[in-house]
Amino acid sequence: MNKILFLLVFLGFTLSGATLAANDDRVRQANLPQTSASELTQLASDSDWEVRHAVAMNRKTPTQTLHKLASDPNQDVRIAVCTNLSTTQKTLAVLAKDKSEQVRSVVARFEYVSAEVLDSMANDTSAEIRMEVARNWNTGRKTLEKLSKDEFEEVSQMALISISKLDQEKE
């Protein structure tokens, strides 16, 4: 009886180890810059969030695949999409409306997000997000003027500071 139990436990560990090794191989493949677009698209549907996360971080991932990953159930995958330099403004606009405040915060702080996306985020329900929009160097003057009238003093003050910086750049 003990031998059977030992054998079952040993087989369980061996099989779980084989599964972990297979996951590691898929994560490694998703991280490689030479992985083909079609392979990355296939890996983007993997059941393991770590594989999808690696795909979302890979700058060779096709923009359509990144757009699909922008609605991934895992927040870390969506955050990785936010910071991928291949992510389009259209996808960032989707992520700017994400249910997660953390995802929206990453979009608002991203140095390559467009003024149009930032303008849409100026109406966010979170004062923290509006603060990040006011801080972002890509935020347009009209958006900053709107934020300078924000109900939260910290947001309005940050917007005024950013407007002042814009004025100094013109001089």
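Laboratory data are not the source of any read-out in this text; all were calculated from the coordinates shown. None of the values given here were measured: they were computed from a predicted structure. Here Cβ is always computed from backbone atoms with ideal geometry, including for glycine, and neighbour counts include all displayed protein chains.
List of remarks:
- Filtered by the rule that a residue be loosely packed, with under 13 Cβ neighbours inside 10 Å, farther than 22 Å from Leu95 by Cβ and either touching a residue at least 60 places away in the same chain (Cβ under 8 Å) or hydroxyl-bearing (Ser, Thr, Tyr) (or both), the range 116-171 gives a lone residue, Ser164.
- Flag not set for Asp98, criterion: among the charged types (D, E, K, R) and touching a His at 6+ places or on another chain (Cβ under 9 Å).
- For Thr125, the requirement of being of a type in the set (S, T, N, Q) and outside any helix (DSSP H, G or I) is met.
- Test: residue in the range 136-146 that is of a type in the set (Ser, Thr, Tyr), over 18 Å from the mean Cα position of the chain (by Cα), more than 30 Å from Asp25 (Cα to Cα) and not in a helix (DSSP H, G or I): yes
- Filter result for Val155 (among the β-branched types (Val, Ile, Thr), under 30 Å from Gln75 (Cβ atoms) and under 18 Å from the mean Cα position of the chain (by Cα)): no
Rundown of residues vs (1) farther than 24 Å from Trp49 by Cα; (2) touching a strand residue (DSSP E or B) at 6+ places or on another chain (Cβ under 7 Å); (3) among the charged types (D, E, K, R), yes/no style:
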position	(1), (2), (3)
Asp98	no, no, yes
Ser120	yes, no, no
Met131	yes, no, no
Ala134	yes, no, no
Trp137	yes, no, no
Lys170	yes, no, yes
